[in-house]
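Below is one structure, written out as structure tokens; the observations come after it.
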Amino acid sequence: MWRKAGILAGILLAAGASGCSRFEPDEYSPYLPTAQMRAWWDEDVACSGRQGNFDRIQWFVVPGESFACPGGTCLGRWETNHRIYIAEAWITSPLVVRHEMLHEILGGGGHPPVPFEDPCALTWDSWRGEGSSLVAELRRVVRID
């Protein structure tokens with residue numbers, strides 16, 4: 001849902017996804033992962049060279065275009081207890097969903113250049129997939145920490 005660009009100024013993709021403390025948004029619902037998400041998982045496993053267990057992830061959708069999280073405003077967030085929260089407006093975004101899944105595969109927060117930027121290309125600056133022209137525009141106004 002790349003048409004939501006207007007709300008993105010200042011929004012962080014996975015703000016401080018350190019997973020150091022447990023986090024839950026104010027409002028969220030369980031989400032059944034799609035076949036597309038499993039295919040994206042396979043892409044993340046391939047690009048990272050790491051293995052993981054897709055089936056242990058607990059998926060949750062958060063109403064709206066973003067949600068408050070410890071690092072600011074998030075579109076998605078991974079937690080060390082194998083929970084992934086995705087804002088409803090971004091639940092079909094390969095960049096947001098794959099980014100959070102890569103945290104699960106790596107088992108940690110932070111955004112090390114390898115593999116987040118290369119070879120997986122799962123940051124605003126490195127993304128070349130769906131909506132990449134919008135992402136190019138957002139680079140000027142959105143900072144990811």
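Things worth noting here:
- Residue count for segment 85-110, restricted to those that are assigned to a loop (DSSP other than H, G, I, E, B) and either more than 12 Å from the chain's Cα centre (by Cα) or under 22 Å from E24 (Cβ atoms) (or both): 6
- Of the residues in segment 70-78, not one is surrounded by fewer than 16 Cβ atoms within 10 Å (Cβ to Cβ), more than 11 Å from the chain's Cα centre (by Cα) and without any contact (Cβ under 8 Å) to a residue 40 or more places away in the chain.
- Residue match in segment 129-137 (condition: at pLDDT 95 or above and farther than 16 Å from R22 by Cα): no
- Residue in segment 44-67 that is within 13 Å of the chain's Cα centre (by Cα), assigned to a helix (DSSP H, G or I) and over 23 Å from R22 (Cβ atoms) present: yes
The values are calculated or read from the model by the stated rules, or taken from the named source; none is laboratory data. Here the structure is a predicted model, which is why all the values come from computation and not from measurement. Every residue, glycine among them, receives a Cβ derived from its backbone with ideal geometry; neighbour counts consider all protein chains shown.
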